[in-house]
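Visitor: One structure, as C-alpha cells, below. Some questions next.
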Amino acid sequence: MAVQFEFYKNPVQGEEEGETSYHPRVVNFQHVTTQRLAAEIHSATTFGKAEVEAMLMELSRCMGNHLREGHLRRAKSTS
C-alpha cells in the first residue's frame, strides 16, 4: 500500500506575513483491531489466539503508561 498524505498549512510565526507554506502529514483511514492482529499472529505462531490478544492488550497498557511518563524512545530493530 502506498503512503498517503495531505498538505497542511504551516502556522504563522509572530507577525510575519508572506508566502503561505505547507507541510505534508501521513494520513491513514484504515484501522486494524486487536482481534485481527491476534488472529494473524496466532496463524503464524504456536500461541493461542486468546494468549496473543491478552499479550497485545498488556503491551498496549504498558506502552501507554510509559508514554504518559515520557519513558519511551525509538525502539531498536530486532533484525
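The values are calculated or read from the model by the stated rules, or taken from the named source; none is laboratory data. The structure displayed is predicted, hence computed values, not measured ones. In this analysis, Cβ positions are derived from the backbone assuming ideal geometry, glycine residues included, and neighbour counts consider all displayed protein chains.
Visitor: Can you confirm whether region 50-61 contains a residue that is in a loop (DSSP other than H, G, I, E, B), at negative phi, out of contact with any Phe, Trp or Tyr (no Cβ under 9 Å at 6 or more places or on another chain) and at pLDDT 90 or above?
Guide: The answer is no; no qualifying residue exists.
Visitor: All but one of (1) part of a loop (DSSP other than H, G, I, E, B); (2) touching a helix residue (DSSP H, G or I) at 6+ places or on another chain (Cβ under 8 Å); (3) among the small types (Gly, Ala, Ser) hold for Gly18; which doesn't?
Guide: Evaluating Gly18 over (1) part of a loop (DSSP other than H, G, I, E, B); (2) touching a helix residue (DSSP H, G or I) at 6+ places or on another chain (Cβ under 8 Å); (3) among the small types (Gly, Ala, Ser) leaves (2) as the failure.
Visitor: So, in region 20-62, how many residues would count as being within 30 Å of Asn10 (Cβ to Cβ) and not polar (S, T, N, Q)?
Guide: The qualifying residues number 8.
Visitor: Something else: Scan region 42-60 for residues that are more than 14 Å from the chain's Cα centre (by Cα), free of Cβ contacts under 8 Å to residues at least 12 places away in the same chain and closer than 30 Å to Ala2 by Cα and jot them down.
Guide: Result: His42, Ser43, Ala44, Thr45, Lys49, Met55.
Visitor: Please tell me if Gly48 is surrounded by 11 or more Cβ atoms within 10 Å (Cβ to Cβ) and not hydroxyl-bearing (Ser, Thr, Tyr).
Guide: In short, yes.
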